[in-house]
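Asks: Here you go, one structure.
Please treat every number below as a calculation from the coordinates, not as lab data. Everything quoted here is computed from the prediction, not taken from an experiment. Note: ideal-geometry Cβ built from the backbone for every residue, glycine included; neighbour counts use all protein chains shown.
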Amino acid sequence: MNYRNKFYRKLFSVAASAVLLTSIAVPAASAHMKEKKPDKPYELTLMHTNDTHAHLDSVAKRITAIKQVREENANTLLLDAGDVFSGTLYFNEFLGLADLEFMNLAGYDAMTFGNHEFDKGTATLADFVKGAEFPFVSANVNLKKDKNIKKYAKNKISTNPKDGEIYKGIVKEINGEKVGIFGLTTAETIDISSPGEDVEFTDYINEAKAAVEAFEKQGINKIIALTHIGLNDGGGDNDLILAEEVEGIDVIVGGHTHVKLTEPVLVEAGKEPTVIVQAKEYGEFLGTLDVTFNKNGKVIEYAGELLDIDGYQEDAEAAQILNDKYKPAVEEMKNTVIGNAAVNLNGERGYVRTGETNLGNLITDGMLAKAKTINPNTVIALQNGGGIRASIDTGDITLAEVMTVMPFGNSLAIMQLTGTEIKEALEHSVKDVPTASGAFLHVAGMKFTYDSSLPAGQRVQSIEVKENEGYVSLAPDKTYAVATNIFTAKGGDGYDVFAKAYSEGRVSEPGFMDWEVFTEYVSQQENQTVSPVVEGRIIDLATN
């Protein structure tokens, strides 16, 4: 990437392709948004990350990419939209402080809190905050009553923010121009993490309006919302609603939903447009957004790109820190025994992609148990066979084995589905049997029969859901809370019925990696020993 190529994208790619969701009506002629001869336009390059979840093996490449973007652009900001915590053994061992060392090295300008920043309570978060060489922003999180973190919480808009302190918003002066940045964190955090009773989450729309007003009173007309509420999340707050309801936000740098926005989303709901970006997950990409403002602070040009970190060389200093200080302890942790298997846990490809296995049952049982702690109404869990990659032999279960079984780090999602939609999903699950398919679903909280001799789409014969009184027939018109992994929830393996629910905001994303959920569930069993069996949750009538 070089500056000339970036300029080319700003001139042409904006008009050609802004990502437009079905809920946003944008006239084709407005996508470019270029006015005639803007007076003193101001160009700013944003770099952004989100939902890195302690994936540090590629962090040295990320720092190289950051340095290169800074070399090519005069006015830059580096922002993180939350969920640095939780997801790999780097977090389990270092509780975010390993990530923090690299964020300080990279020179981040600001970060907002994700829900997972509260997973270990505010004492762990306070240690992270106080060591940061950048400020934090979150306008709708009130921390002034919490004993662990209140001394870092300033609860105001600051024109002179200090490192290691928390503000509703901050003002950054970049080459003579002032830019306002405020933060938002999903209110779902109360239910899906562990913030504690003294952390208060206030209405995100009201707080956003107040932050914009505060900036504008200071004459600041370039305003960025750094958010961890999701692009189109079903949890009650998201970036699309924010852009539509709050006037004056120029750019939303988002996280939480792990969306790979290869082009920005453009929302034109008010007097001025809002550009939304998000950079998927796990540090796989460094998001960049070139944005040009006119003298009134209106966005008149923009071009976004996700830089694939794999294409960069490692920064030597960062690589040495990782390899000498952090990686050895993580490699040692992989040998940790997390439980015992009294029986062989069958994850062989030919089995998990065609029928019920004891490992599939164990994984979905753990998924359902975790989901119930978040949403007690969850009654079903589903796991795609393609997400189970190996067996576990009888005896000690190590972390390394668990992460071999579930190597993708898929996180938990909870869908709201009708009985009719669940049946449609099960038909898709068994449509290829006896041919192996990664879409084959393992289940908990339900059982069903099908006949593989019948045509695809007509195979499922009975479906029962386990409720308080035992198993009852699935009701077509009833809505059920269904846990799965986020890959499947977004329509992976051809689950269009799930993708539709996701696009309609019927999916909540509490997070929690699949291997973590599995490990926690095993540790909760008596003597940390598991002996799951094939129990007739899925029966092919053609072979029985």
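Asks: Report, in whole Å, the centroid distance computed from the Cα atoms of the range 189-223 and the range 225-295.
Replies: 16
Asks: Can you spot the lysines whose alpha carbon is less than 22 Å from Lys151's alpha carbon? Ignore those fewer than 8 places along the same chain.
Replies: Lys120, Lys130, Lys162, Lys168
Asks: Using per-residue counts of other Cβ atoms within 10 Å, averaged over each peptide, order 285-291, 486-492 from highest down.
Replies: 285-291, 486-492
Asks: Now for a different question. Please list, or write none, the lysines whose alpha carbon is within less than 23 Å of the alpha carbon of Lys295, excluding same-chain residues fewer than 8 places away.
Replies: The qualifying lysines are Lys6, Lys10, Lys34, Lys36, Lys37, Lys40, Lys172, Lys178, Lys209, Lys217, Lys222, Lys271.
Asks: Can you show me the helix-derived [θ] at 222 nm for the chain, built from DSSP H runs with n ≥ 4 at -39,500 (n - 2.57) apiece and divided by the number of residues, rounded to the nearest 500.
Replies: Calculated from helices alone, the mean residue ellipticity at 222 nm is -8000 deg cm²/dmol.
Asks: What are the semi-axes of the equivalent ellipsoid of the chain, taken as the square roots of 5 times the eigenvalues of the Cα gyration tensor, listed largest first and rounded to whole Å?
Replies: They are 42, 27, 22 Å, listed from largest to smallest.
Asks: Sort out for me the Cα centre separation of the range 409-462 from the range 114-138, rounded to whole Å.
Replies: Comparing the Cα centres of the range 409-462 and the range 114-138, I get a distance of 41 Å.
Asks: Quick check for me: using +1 on Lys/Arg Cβ and -1 on Asp/Glu Cβ, what's the dipole size of the range 336-540 about its Cα centre, in debye to the nearest 20?
Replies: For this selection, approximately 300 debye.
Asks: Count the lysine pairs in the range 336-540 whose Cα atoms sit under 19 Å apart, keeping only pairs 8 or more residues apart in sequence or on different chains.
Replies: 16
Asks: Same structure again: For Lys40 and Glu247, what is the calculated FRET efficiency with R₀ set at 22 Å and r taken between the beta-carbons, to the nearest 0.05?
Replies: With R0 = 22 Å, the Cβ-Cβ based efficiency is 0.45.
Asks: Further, regarding this structure: Rank by packing, highest mean first: peptides 319-331, 244-256, with packing defined as the count of other Cβ atoms within 10 Å averaged across residues.
Replies: Descending mean neighbour count gives 244-256, 319-331.
Asks: Still on this structure, I have one more. For a quick protection proxy, order the peptides 133-142, 188-197, 151-160 by their average other-Cβ count within 10 Å, most packed first.
Replies: Ranked from most to least packed, the peptides come out as 133-142, 188-197, 151-160.
Asks: Testing the spin-label approximation: label points 7 Å from Cα along Cα→Cβ at Glu173 and Asn160. State their distance in nm.
Replies: 1.1
Asks: Something else: In Å and from the alpha-carbon atoms only, list the Rg and Dmax of the range 215-267.
Replies: Spelled out, the Cα radius of gyration and Dmax of the range 215-267 are 11.8, 35 Å.
Asks: Compute the FRET efficiency between Leu97 and Glu520 as 1/(1 + (r/R0)^6), taking r as their Cβ-Cβ distance and R0 = 25 Å, and round to the nearest 0.05.
Replies: Result of the calculation: an efficiency of 0.65.
Asks: Okay, next question. Could you let me know the centre-to-centre spacing of the range 330-385 and the range 52-83, using Cα atoms, in angstrom?
Replies: Value for the Cα centre distance between the two parts: 34 Å.
Asks: For the chain, what is the charge dipole size about the Cα centre, in debye to the nearest 20, if Lys and Arg each add +1 at the Cβ and Asp and Glu each add -1 at the Cβ?
Replies: For the chain, the charge dipole is close to 1260 debye.
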